[in-house]
There are 2 protein chains.
Amino acid sequence: MEFAEYFPVWDKLTPAQQQALAENAMLRTVPKGTVVHNGSADCIGFLLMHTGQLRVYILSDEGREVTLYRLFPRDFCLLSASCILRGLQYDVTIEAEKDTQFWQIPAQRYKQLMEESAPVANYTNEVMAARFSDVMWLIEQILWKSLDKRLAGFLVEESALENGTLLKITHETIGRHLGSPREVVTRMLRYFQDEGLVKLSRGSVELLDVDRLRAVAEG
Amino acid sequence: MEFAEYFPVWDKLTPAQQQALAENAMLRTVPKGTVVHNGSADCIGFLLMHTGQLRVYILSDEGREVTLYRLFPRDFCLLSASCILRGLQYDVTIEAEKDTQFWQIPAQRYKQLMEESAPVANYTNEVMAARFSDVMWLIEQILWKSLDKRLAGFLVEESALENGTLLKITHETIGRHLGSPREVVTRMLRYFQDEGLVKLSRGSVELLDVDRLRAVAEG
(Lines give C-alpha, C1' and ligand atoms only; values in the text may rest on other atoms or scores of the structure.)
Protein backbone atom coordinates (compact mmCIF):
# COMPACT_ATOMS: atom_id res chain seq x y z
CA MET A 1 0.00 0.00 0.00
CA GLU A 2 1.34 3.42 -0.94
CA PHE A 3 0.59 5.12 2.38
CA ALA A 4 3.03 2.76 4.13
CA GLU A 5 5.81 3.99 1.88
CA TYR A 6 5.13 7.62 2.68
CA PHE A 7 4.57 7.37 6.43
CA PRO A 8 8.02 7.88 7.96
CA VAL A 9 8.05 5.44 10.88
CA TRP A 10 5.69 2.83 9.42
CA ASP A 11 8.10 -0.05 10.07
CA LYS A 12 8.21 0.82 13.75
CA LEU A 13 4.46 0.38 14.21
CA THR A 14 2.78 -2.83 15.34
CA PRO A 15 0.53 -4.53 12.75
CA ALA A 16 -2.53 -3.39 14.71
CA GLN A 17 -1.30 0.23 14.70
CA GLN A 18 -0.52 0.02 10.99
CA GLN A 19 -4.00 -1.23 10.26
CA ALA A 20 -5.74 1.41 12.38
CA LEU A 21 -3.69 4.16 10.76
CA ALA A 22 -4.23 2.91 7.20
CA GLU A 23 -7.96 2.60 7.74
CA ASN A 24 -8.18 6.17 9.03
CA ALA A 25 -5.89 7.96 6.59
CA MET A 26 -8.01 9.41 3.82
CA LEU A 27 -6.46 10.40 0.50
CA ARG A 28 -7.81 13.77 -0.62
CA THR A 29 -7.29 15.58 -3.89
CA VAL A 30 -7.57 19.36 -3.99
CA PRO A 31 -7.16 21.65 -7.00
CA LYS A 32 -4.64 24.50 -7.04
CA GLY A 33 -5.91 27.48 -5.06
CA THR A 34 -7.89 25.49 -2.48
CA VAL A 35 -7.64 26.80 1.08
CA VAL A 36 -7.08 23.56 2.96
CA HIS A 37 -6.95 25.00 6.47
CA ASN A 38 -7.72 28.38 7.93
CA GLY A 39 -7.05 29.51 11.50
CA SER A 40 -6.59 27.63 14.73
CA ALA A 41 -10.24 26.72 15.14
CA ASP A 42 -10.12 24.62 12.02
CA CYS A 43 -8.83 21.17 12.92
CA ILE A 44 -8.70 18.99 9.85
CA GLY A 45 -6.07 16.62 11.26
CA PHE A 46 -2.51 15.78 10.29
CA LEU A 47 -1.58 15.90 6.63
CA LEU A 48 0.94 13.67 4.89
CA MET A 49 1.82 14.99 1.45
CA HIS A 50 1.54 12.69 -1.55
CA THR A 51 1.87 14.97 -4.58
CA GLY A 52 1.75 18.69 -5.27
CA GLN A 53 2.58 21.64 -3.04
CA LEU A 54 1.00 23.45 -0.12
CA ARG A 55 1.93 26.87 1.21
CA VAL A 56 1.61 27.68 4.92
CA TYR A 57 1.37 31.39 5.70
CA ILE A 58 0.25 33.94 8.24
CA LEU A 59 -1.73 37.04 7.49
CA SER A 60 -1.42 40.37 9.26
CA ASP A 61 -4.37 42.60 10.13
CA GLU A 62 -3.55 44.70 7.08
CA GLY A 63 -3.56 41.66 4.86
CA ARG A 64 0.20 41.32 4.44
CA GLU A 65 1.21 37.67 3.99
CA VAL A 66 4.34 35.95 5.25
CA THR A 67 5.02 32.46 3.91
CA LEU A 68 6.22 30.29 6.79
CA TYR A 69 7.12 27.23 4.75
CA ARG A 70 6.00 24.98 1.93
CA LEU A 71 5.03 21.33 2.06
CA PHE A 72 6.23 18.94 -0.62
CA PRO A 73 5.64 15.20 -1.19
CA ARG A 74 6.44 13.19 1.99
CA ASP A 75 6.26 16.28 4.22
CA PHE A 76 4.11 16.08 7.29
CA CYS A 77 1.93 18.93 8.51
CA LEU A 78 1.20 19.49 12.19
CA LEU A 79 -0.34 22.93 12.18
CA SER A 80 -3.47 21.67 10.49
CA ALA A 81 -4.07 19.69 13.68
CA SER A 82 -3.10 22.37 16.16
CA CYS A 83 -6.26 21.64 18.16
CA ILE A 84 -4.79 18.34 19.25
CA LEU A 85 -1.33 19.47 20.25
CA ARG A 86 -2.12 21.02 23.57
CA GLY A 87 -0.89 24.57 23.56
CA LEU A 88 -0.27 24.82 19.84
CA GLN A 89 -2.87 27.37 18.88
CA TYR A 90 -1.73 29.34 15.97
CA ASP A 91 -3.58 30.97 13.13
CA VAL A 92 -2.09 29.88 9.86
CA THR A 93 -3.61 29.46 6.46
CA ILE A 94 -2.69 26.49 4.27
CA GLU A 95 -3.31 26.82 0.57
CA ALA A 96 -2.64 24.53 -2.38
CA GLU A 97 -0.14 26.12 -4.78
CA LYS A 98 -0.49 23.22 -7.19
CA ASP A 99 -3.04 20.48 -7.66
CA THR A 100 -2.30 18.48 -4.56
CA GLN A 101 -2.97 15.09 -3.01
CA PHE A 102 -2.47 14.35 0.65
CA TRP A 103 -3.54 11.87 3.26
CA GLN A 104 -5.58 13.38 6.02
CA ILE A 105 -5.24 11.62 9.37
CA PRO A 106 -7.87 12.42 11.98
CA ALA A 107 -6.32 14.34 14.87
CA GLN A 108 -7.63 12.08 17.64
CA ARG A 109 -6.47 8.90 15.92
CA TYR A 110 -2.97 10.26 15.44
CA LYS A 111 -2.80 11.53 18.98
CA GLN A 112 -3.69 8.10 20.31
CA LEU A 113 -0.93 6.63 18.17
CA MET A 114 1.58 9.16 19.52
CA GLU A 115 0.65 8.17 23.05
CA GLU A 116 1.21 4.49 22.32
CA SER A 117 4.28 4.73 20.12
CA ALA A 118 7.55 6.38 21.10
CA PRO A 119 8.80 6.38 17.47
CA VAL A 120 5.70 8.28 16.32
CA ALA A 121 5.97 10.72 19.23
CA ASN A 122 9.65 11.30 18.51
CA TYR A 123 9.07 11.75 14.81
CA THR A 124 6.36 14.32 15.57
CA ASN A 125 8.77 16.01 17.94
CA GLU A 126 11.40 16.31 15.24
CA VAL A 127 8.97 17.78 12.75
CA MET A 128 7.78 20.29 15.32
CA ALA A 129 11.31 21.28 16.30
CA ALA A 130 12.26 21.82 12.67
CA ARG A 131 9.19 23.96 11.98
CA PHE A 132 9.65 25.89 15.22
CA SER A 133 13.19 26.68 14.25
CA ASP A 134 12.31 27.67 10.65
CA VAL A 135 9.47 29.89 11.72
CA MET A 136 11.45 31.62 14.45
CA TRP A 137 14.29 32.29 12.07
CA LEU A 138 12.05 33.69 9.40
CA ILE A 139 9.95 35.83 11.66
CA GLU A 140 13.01 37.20 13.36
CA GLN A 141 14.77 38.03 10.10
CA ILE A 142 11.67 39.43 8.40
CA LEU A 143 9.72 41.09 11.15
CA TRP A 144 12.56 42.17 13.38
CA LYS A 145 15.55 42.75 11.18
CA SER A 146 13.65 43.51 7.95
CA LEU A 147 16.21 41.43 6.08
CA ASP A 148 13.70 40.71 3.32
CA LYS A 149 13.20 44.42 2.65
CA ARG A 150 16.88 45.22 2.84
CA LEU A 151 17.88 42.33 0.59
CA ALA A 152 15.18 43.11 -1.98
CA GLY A 153 16.18 46.77 -1.97
CA PHE A 154 19.82 45.86 -2.45
CA LEU A 155 19.05 43.55 -5.39
CA VAL A 156 16.87 46.16 -7.11
CA GLU A 157 19.56 48.81 -6.71
CA GLU A 158 22.30 46.53 -8.00
CA SER A 159 20.17 45.66 -10.99
CA ALA A 160 19.71 49.37 -11.78
CA LEU A 161 23.47 49.93 -11.47
CA GLU A 162 24.32 46.91 -13.62
CA ASN A 163 21.59 47.71 -16.09
CA GLY A 164 20.42 44.11 -16.12
CA THR A 165 18.68 41.42 -14.07
CA LEU A 166 21.53 38.91 -13.95
CA LEU A 167 23.78 39.91 -11.06
CA LYS A 168 27.24 38.35 -10.81
CA ILE A 169 27.64 38.57 -7.09
CA THR A 170 28.37 36.15 -4.25
CA HIS A 171 26.26 35.71 -1.13
CA GLU A 172 29.34 36.64 0.84
CA THR A 173 29.49 40.04 -0.87
CA ILE A 174 25.78 40.65 -0.39
CA GLY A 175 26.23 39.78 3.27
CA ARG A 176 28.99 42.36 3.63
CA HIS A 177 26.73 45.02 2.16
CA LEU A 178 23.86 44.15 4.48
CA GLY A 179 25.89 43.37 7.57
CA SER A 180 24.53 39.81 7.73
CA PRO A 181 26.43 36.50 7.78
CA ARG A 182 26.63 34.63 4.47
CA GLU A 183 24.49 31.74 5.78
CA VAL A 184 21.69 34.12 6.64
CA VAL A 185 21.81 35.75 3.19
CA THR A 186 21.81 32.34 1.48
CA ARG A 187 18.78 31.23 3.45
CA MET A 188 16.85 34.39 2.64
CA LEU A 189 17.82 34.16 -1.06
CA ARG A 190 16.46 30.60 -1.11
CA TYR A 191 13.28 31.89 0.49
CA PHE A 192 13.08 34.49 -2.32
CA GLN A 193 13.69 31.72 -4.86
CA ASP A 194 10.81 29.68 -3.41
CA GLU A 195 8.66 32.78 -3.69
CA GLY A 196 9.53 33.07 -7.38
CA LEU A 197 11.42 36.35 -6.97
CA VAL A 198 14.90 35.23 -7.99
CA LYS A 199 16.76 32.31 -9.52
CA LEU A 200 20.04 31.27 -7.92
CA SER A 201 23.02 29.83 -9.73
CA ARG A 202 26.64 29.48 -8.77
CA GLY A 203 28.08 32.98 -8.42
CA SER A 204 24.97 34.76 -9.66
CA VAL A 205 21.50 35.89 -8.70
CA GLU A 206 18.95 36.43 -11.45
CA LEU A 207 16.04 38.74 -10.67
CA LEU A 208 12.84 37.18 -12.01
CA ASP A 209 10.34 39.75 -10.81
CA VAL A 210 11.75 43.22 -10.25
CA ASP A 211 8.32 44.73 -9.56
CA ARG A 212 7.57 42.34 -6.72
CA LEU A 213 11.10 42.78 -5.35
CA ARG A 214 10.53 46.52 -5.35
CA ALA A 215 7.23 45.98 -3.52
CA VAL A 216 9.01 43.86 -0.88
CA ALA A 217 11.69 46.54 -0.49
CA GLU A 218 9.07 49.20 0.06
CA GLY A 219 7.23 46.87 2.49
CA MET B 1 13.84 11.75 46.31
CA GLU B 2 12.83 15.25 45.41
CA PHE B 3 13.64 15.01 41.71
CA ALA B 4 10.98 12.32 41.34
CA GLU B 5 8.35 14.73 42.58
CA TYR B 6 9.31 17.39 40.09
CA PHE B 7 9.78 15.29 36.98
CA PRO B 8 6.36 15.25 35.31
CA VAL B 9 6.05 11.69 34.00
CA TRP B 10 8.21 9.97 36.62
CA ASP B 11 5.56 7.36 37.42
CA LYS B 12 5.46 6.28 33.81
CA LEU B 13 9.15 5.37 33.71
CA THR B 14 10.53 1.89 34.37
CA PRO B 15 12.67 1.54 37.51
CA ALA B 16 15.78 1.30 35.31
CA GLN B 17 14.85 4.51 33.51
CA GLN B 18 14.15 6.25 36.80
CA GLN B 19 17.52 5.25 38.13
CA ALA B 20 19.42 6.32 35.03
CA LEU B 21 17.65 9.67 35.02
CA ALA B 22 18.16 10.34 38.72
CA GLU B 23 21.84 9.49 38.49
CA ASN B 24 22.33 11.90 35.61
CA ALA B 25 20.25 14.85 36.77
CA MET B 26 22.53 17.32 38.50
CA LEU B 27 21.14 19.94 40.85
CA ARG B 28 22.77 23.30 40.17
CA THR B 29 22.47 26.54 42.10
CA VAL B 30 23.06 29.82 40.30
CA PRO B 31 22.90 33.33 41.76
CA LYS B 32 20.65 36.02 40.33
CA GLY B 33 22.10 37.52 37.17
CA THR B 34 23.84 34.35 35.93
CA VAL B 35 23.63 33.73 32.20
CA VAL B 36 22.76 30.05 32.17
CA HIS B 37 22.68 29.56 28.41
CA ASN B 38 23.71 31.68 25.48
CA GLY B 39 23.08 30.93 21.80
CA SER B 40 22.37 27.74 19.93
CA ALA B 41 25.93 26.43 20.11
CA ASP B 42 25.71 26.20 23.88
CA CYS B 43 24.12 22.87 24.78
CA ILE B 44 23.88 22.52 28.52
CA GLY B 45 21.03 19.99 28.44
CA PHE B 46 17.44 20.03 29.60
CA LEU B 47 16.59 22.04 32.69
CA LEU B 48 13.94 21.19 35.24
CA MET B 49 13.23 24.11 37.56
CA HIS B 50 13.40 23.59 41.31
CA THR B 51 13.31 27.09 42.80
CA GLY B 52 13.77 30.65 41.54
CA GLN B 53 13.11 32.13 38.12
CA LEU B 54 14.77 32.12 34.72
CA ARG B 55 14.08 34.49 31.84
CA VAL B 56 14.39 33.34 28.23
CA TYR B 57 14.92 36.12 25.71
CA ILE B 58 16.18 36.98 22.25
CA LEU B 59 18.43 39.87 21.40
CA SER B 60 18.36 41.90 18.21
CA ASP B 61 21.45 43.17 16.41
CA GLU B 62 20.87 46.55 17.98
CA GLY B 63 20.69 45.01 21.43
CA ARG B 64 16.93 45.22 21.89
CA GLU B 65 15.64 42.39 24.06
CA VAL B 66 12.34 40.54 23.75
CA THR B 67 11.41 38.25 26.64
CA LEU B 68 9.98 35.03 25.21
CA TYR B 69 8.88 33.47 28.47
CA ARG B 70 9.88 32.85 32.06
CA LEU B 71 10.53 29.55 33.80
CA PHE B 72 9.22 28.91 37.29
CA PRO B 73 9.51 25.92 39.65
CA ARG B 74 8.48 22.66 37.89
CA ASP B 75 8.85 24.19 34.42
CA PHE B 76 10.92 22.34 31.89
CA CYS B 77 13.30 24.01 29.49
CA LEU B 78 13.99 22.61 26.03
CA LEU B 79 15.81 25.46 24.35
CA SER B 80 18.88 24.95 26.51
CA ALA B 81 19.24 21.59 24.74
CA SER B 82 18.44 22.75 21.23
CA CYS B 83 21.47 20.88 19.91
CA ILE B 84 19.71 17.60 20.59
CA LEU B 85 16.33 18.36 19.08
CA ARG B 86 17.18 18.00 15.45
CA GLY B 87 16.24 21.17 13.69
CA LEU B 88 15.72 23.29 16.77
CA GLN B 89 18.54 25.75 16.38
CA TYR B 90 17.65 28.98 17.89
CA ASP B 91 19.69 31.68 19.57
CA VAL B 92 18.18 32.48 22.91
CA THR B 93 19.72 33.68 26.12
CA ILE B 94 18.61 32.29 29.47
CA GLU B 95 19.34 34.36 32.54
CA ALA B 96 18.53 33.89 36.22
CA GLU B 97 16.22 36.66 37.46
CA LYS B 98 16.38 35.33 41.01
CA ASP B 99 18.72 32.99 42.83
CA THR B 100 17.76 29.76 41.12
CA GLN B 101 18.11 26.02 41.48
CA PHE B 102 17.47 23.60 38.66
CA TRP B 103 18.29 20.08 37.66
CA GLN B 104 20.39 19.83 34.56
CA ILE B 105 19.82 16.67 32.53
CA PRO B 106 22.46 15.85 29.92
CA ALA B 107 21.01 16.20 26.42
CA GLN B 108 22.07 12.75 25.17
CA ARG B 109 20.70 10.97 28.23
CA TYR B 110 17.35 12.66 27.88
CA LYS B 111 17.18 12.02 24.18
CA GLN B 112 17.76 8.33 24.75
CA LEU B 113 14.94 8.35 27.28
CA MET B 114 12.61 10.06 24.79
CA GLU B 115 13.39 7.39 22.24
CA GLU B 116 12.54 4.62 24.69
CA SER B 117 9.55 6.16 26.41
CA ALA B 118 6.40 7.38 24.67
CA PRO B 119 5.24 9.28 27.80
CA VAL B 120 8.51 11.24 27.92
CA ALA B 121 8.37 11.94 24.17
CA ASN B 122 4.76 13.08 24.43
CA TYR B 123 5.47 15.26 27.43
CA THR B 124 8.36 16.88 25.55
CA ASN B 125 6.05 17.37 22.60
CA GLU B 126 3.51 19.18 24.72
CA VAL B 127 6.11 21.48 26.22
CA MET B 128 7.45 22.27 22.76
CA ALA B 129 3.99 22.93 21.34
CA ALA B 130 3.17 25.28 24.21
CA ARG B 131 6.41 27.22 23.80
CA PHE B 132 6.05 27.32 20.02
CA SER B 133 2.61 28.77 20.40
CA ASP B 134 3.64 31.35 23.04
CA VAL B 135 6.62 32.49 21.07
CA MET B 136 4.73 32.78 17.79
CA TRP B 137 1.99 34.78 19.46
CA LEU B 138 4.41 37.13 21.10
CA ILE B 139 6.61 37.69 18.11
CA GLU B 140 3.63 38.25 15.89
CA GLN B 141 2.01 40.72 18.27
CA ILE B 142 5.23 42.54 19.13
CA LEU B 143 7.28 42.48 15.96
CA TRP B 144 4.51 42.53 13.43
CA LYS B 145 1.58 44.31 14.95
CA SER B 146 3.59 46.44 17.41
CA LEU B 147 0.91 45.76 20.01
CA ASP B 148 3.39 46.34 22.83
CA LYS B 149 4.18 49.84 21.56
CA ARG B 150 0.58 50.70 20.90
CA LEU B 151 -0.61 49.41 24.26
CA ALA B 152 2.18 51.15 26.18
CA GLY B 153 1.45 54.39 24.31
CA PHE B 154 -2.24 54.12 25.10
CA LEU B 155 -1.59 53.53 28.82
CA VAL B 156 0.81 56.48 29.07
CA GLU B 157 -1.68 58.78 27.32
CA GLU B 158 -4.57 57.65 29.50
CA SER B 159 -2.47 58.23 32.60
CA ALA B 160 -1.71 61.79 31.44
CA LEU B 161 -5.43 62.40 30.78
CA GLU B 162 -6.48 60.93 34.14
CA ASN B 163 -3.64 62.64 35.95
CA GLY B 164 -2.75 59.46 37.80
CA THR B 165 -1.27 55.99 37.39
CA LEU B 166 -4.30 53.97 38.49
CA LEU B 167 -6.51 53.57 35.42
CA LYS B 168 -10.08 52.37 35.89
CA ILE B 169 -10.53 50.73 32.54
CA THR B 170 -11.49 47.27 31.28
CA HIS B 171 -9.46 45.19 28.86
CA GLU B 172 -12.49 45.24 26.59
CA THR B 173 -12.35 49.03 26.36
CA ILE B 174 -8.60 49.04 25.74
CA GLY B 175 -9.18 46.51 22.99
CA ARG B 176 -11.73 48.76 21.31
CA HIS B 177 -9.25 51.65 21.33
CA LEU B 178 -6.49 49.50 19.85
CA GLY B 179 -8.62 47.43 17.50
CA SER B 180 -7.56 44.18 19.17
CA PRO B 181 -9.70 41.44 20.74
CA ARG B 182 -10.00 41.50 24.54
CA GLU B 183 -8.12 38.18 24.91
CA VAL B 184 -5.15 39.60 23.03
CA VAL B 185 -5.09 42.73 25.21
CA THR B 186 -5.34 40.64 28.39
CA ARG B 187 -2.44 38.48 27.32
CA MET B 188 -0.24 41.46 26.48
CA LEU B 189 -1.17 43.17 29.78
CA ARG B 190 -0.09 40.01 31.64
CA TYR B 191 3.16 40.10 29.69
CA PHE B 192 3.60 43.72 30.83
CA GLN B 193 2.81 42.65 34.40
CA ASP B 194 5.50 39.94 34.26
CA GLU B 195 7.91 42.58 32.99
CA GLY B 196 7.11 44.76 36.02
CA LEU B 197 5.48 47.51 33.97
CA VAL B 198 1.92 47.33 35.32
CA LYS B 199 -0.12 45.70 38.05
CA LEU B 200 -3.50 44.26 37.11
CA SER B 201 -6.57 44.14 39.33
CA ARG B 202 -10.22 43.62 38.56
CA GLY B 203 -11.37 46.59 36.48
CA SER B 204 -8.12 48.50 36.76
CA VAL B 205 -4.59 48.75 35.44
CA GLU B 206 -1.96 50.40 37.62
CA LEU B 207 1.11 51.77 35.87
CA LEU B 208 4.20 50.86 37.89
CA ASP B 209 6.87 52.29 35.63
CA VAL B 210 5.72 55.11 33.37
CA ASP B 211 9.25 55.84 32.12
CA ARG B 212 9.77 52.28 30.86
CA LEU B 213 6.27 52.25 29.37
CA ARG B 214 7.12 55.44 27.51
CA ALA B 215 10.35 53.81 26.30
CA VAL B 216 8.36 50.78 25.01
CA ALA B 217 5.90 53.13 23.27
CA GLU B 218 8.72 54.94 21.52
CA GLY B 219 10.35 51.59 20.73
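The values are calculated or read from the model by the stated rules, or taken from the named source; none is laboratory data. The structure presented is a predicted model; accordingly, all values stated were derived computationally and were not measured. No Cβ is skipped: glycine too gets one built from the backbone with ideal geometry, and neighbour counts run over all protein chains shown.
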Exercise. Looking at region B:95-113, is at least one residue facing chain A (nearest Cβ under 8 Å), surrounded by 18 or more Cβ atoms within 10 Å (Cβ to Cβ) and either out of contact with any strand residue (DSSP E or B) (no Cβ under 9 Å at 6 or more places or on another chain) or under 16 Å from B:PHE3 (Cβ atoms) (or both)?
Worked result: no
Exercise. How do the pairs read when you match residues in region B:122-150 that are within 16 Å of B:ARG70 (Cβ to Cβ) with residues anywhere that are crowded, with 22+ Cβ neighbours inside 10 Å and at pLDDT below 80, using Cβ under 6 Å and keeping only pairs 6 or more apart or on different chains?
Worked result: B:SER133/A:LEU88
Exercise. Which fully enclosed strands (runs of 3 or more DSSP E) of region B:119-219 have 1 or more residues being closer than 30 Å to A:TRP137 by Cβ?
Worked result: none
For this session: Considering only region B:128-184, state which residues are within 9 Å of another protein chain (Cβ to nearest Cβ) and over 22 Å from the mean Cα position of the chain (by Cα).
Result: B:GLY179, B:SER180
Problem set entry | Test result for A:THR14, under 19 Å from A:SER117 (Cβ atoms), of a type in the set (Ser, Thr, Tyr) and surrounded by fewer than 16 Cβ atoms within 10 Å (Cβ to Cβ) | yes
Problem set entry | A:ARG86 being under 22 Å from the mean Cα position of the chain (by Cα), modelled with pLDDT of 90 or more and basic (Lys, Arg) | no
Exercise. Considering only residues of region B:114-134 that are surrounded by 22 or more Cβ atoms within 10 Å (Cβ to Cβ) and β-branched (Val, Ile, Thr), which is modelled with the highest pLDDT?
Worked result: B:VAL120
For this session: Within region A:114-127, count every residue that is facing chain B (nearest Cβ under 7 Å) and within 28 Å of A:ARG182 (Cβ to Cβ).
Result: 1
Seminar exercise, completed: For region B:63-82, the count of residues that are within 9 Å of chain A (Cβ to nearest Cβ) and either surrounded by fewer than 15 Cβ atoms within 10 Å (Cβ to Cβ) or at pLDDT 90 or above (or both) equals 1
